[in-house]
Every structure is written in structure tokens, then in C-alpha cells.
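Peer 1: Quick one: the structure is below, questions incoming.
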Amino acid sequence: MKRKSFSIYRISLFMFVLFCMCAKYTLAQTELLITYLDQTDENFSISEQGKLSFSKTDLIVYDGEQSPITIPISSIRKINVSSKSDNVSITENVITEQSNIVLYPNPAGDYICIKSSGSEKIAVSIYSITGQIMLQGKFYSGEQINISRFSPGLYIVKTDKKTIKFSKL
């Protein structure tokens, strides 16, 4: 039961992140690449009249020209949204490999820490929800990373092994 509620939480969080990403790209969004759990890919070109939306269990893709396409969220592994107008590409893994990298606290105030089982520095990139690089660097496990200059909102942290979402209060 705990694993099922964790999955529902991850799907809900993913849907919220994707919704925020889509809000930014409502007019500029042009390409959507969906990778399914069976590792197959499907491309969609979204016109200015197109949109993405969610039901409780499905992603609904309307390209602006054809009938909407309904895709079960449970079958999606990864979604890549690309905008040709500003060359931004954000990839979000719905299901990530198990990794021993942990980000805390989440939600965060002025600092975050990334903990790893290794002793070497971790390459970290922090992106805003719009894809803007906010911070890049190499940090030791447990080292405080100053995010006090970030505006409140959602951010994506990428390391070599994991992508983690966090919110800044």
C-alpha cells in the first residue's frame, strides 16, 4: 500500500511539474517526445492551437489539428518538451532508476544538500521549471548549496545519476 501511494504521489507531482512546463510553452511549444515503459518513443508536433492536459489517469495531447490523443500516464517513462523558439529542452523522468542520491530539505529555504554514498564530488545542475540554468557546480556529499537568491517555486536538480525535483519556499 505504501508503494502504491508513493507511485500516486510521484505521478501527481510529475503532472504538476509538466503542467507548469506546459504553461510556459503554451504558444512556443513545438515538439513532444514520449518514451514509454517498453522503451518505444512517440513524437508529437504541437501547433500554437494545440494543448496538453491531464485527466486523473491520462495525458491528453491535442496537436491543434487532429482529434485529441489519450495516453495512460501509467505507461509513460519519460516526456521531453522542446521549444524551437528559444532552444529549451526539459526532460523529466517519470520513473527513475534507484539511486543512493538524496536531496534535502524539500521543500527548501536558503540551502539544499545533496547526499551520496560516494566520497567524490557530485556534478550538480539546477534548472528553473522553464529550463533556465540557475546553478552548476561540483559539491561534496552533504555540502550546503546556497539557493537563497532563487525565487520561490519548483526547480529541477540533475546529477549524473538522478533527476530530482524540489520546491523553494
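Laboratory data are not the source of any read-out in this text; all were calculated from the coordinates shown. Note that the structure is predicted; figures quoted are calculated from it, not measured. Quick reminder, even Gly has a Cβ in these numbers, built from the backbone with ideal geometry, and neighbours come from all protein chains shown.
Peer 1: Take Lys51 and Ser119, extend 7 Å from each Cα along the Cα→Cβ direction, and tell me the distance between the two endpoints in nm.
Peer 2: Distance between label points: 5.6 nm.
Peer 1: Could you work out how far apart the two model spin labels at Asn146 and Ile133 are, taking each label as a point 7 Å from the Cα in the direction of the beta carbon, and quote it in nm?
Peer 2: Between Asn146 and Ile133, the label points sit 2.0 nm apart.
Peer 1: Could I ask something else about it? Enumerate the calculated ³J(HN,Hα) couplings along the stretch 153-167 in order (Karplus 6.51 cos²θ - 1.76 cosθ + 1.60, θ = phi - 60°), each rounded to whole Hz, writing x wherever the residue is Gly or Pro.
Peer 2: Each residue of the stretch 153-167 in turn: x, 9, 9, 10, 9, 10, 10, 4, 10, 7, 10, 10, 9, 8, 10 Hz.
Peer 1: Please list, in chain and number order, the residues 5+ apart from Leu59 or on another chain whose amide H is under 5 Å from its amide H, with Hs placed from the backbone.
Peer 2: Ile71, Ile73
Peer 1: Continuing with this model, one more query. Amide H neighbours of Tyr111 under 5 Å, at least 5 residues apart or on other chains, H built in the peptide plane: list them.
Peer 2: Ile147
Peer 1: Ordered by residue, what ³J(HN,Hα) values in Hz, to whole numbers, does the stretch 37-46 give under the Karplus form 6.51 cos²θ - 1.76 cosθ + 1.60, where θ = phi - 60° and Gly and Pro are x?
Peer 2: 4, 7, 6, 7, 10, 9, 9, 10, 9, 9
Peer 1: At 7 Å along Cα-to-Cβ for each site, give me the label-to-label distance between Leu169 and Ser67 in nm.
Peer 2: 4.8
Peer 1: Starting from the amide H of Glu31, placed 1.01 Å from N in the peptide plane, find each other amide H under 5 Å away whose residue is 5 or more places distant or on another chain.
Peer 2: Result for Glu31 returns Ile46, Ser82, Lys84.
Peer 1: Follow-up. Find the centroid of the Cα atoms in the stretch 140-169 and in the stretch 103-124, then give the distance between the two in whole Å.
Peer 2: The stretch 140-169 and the stretch 103-124 have Cα centres spaced 7 Å from each other.
Peer 1: While we're here: Can you compute 3J(HN,Hα) from phi for each residue in the stretch 118-127, using the Karplus curve 6.51 cos²θ - 1.76 cosθ + 1.60 with θ = phi - 60°, rounded to whole Hz and x for Gly and Pro?
Peer 2: Each residue of the stretch 118-127 in turn: x, 9, 7, 5, 9, 6, 10, 10, 10, 10 Hz.
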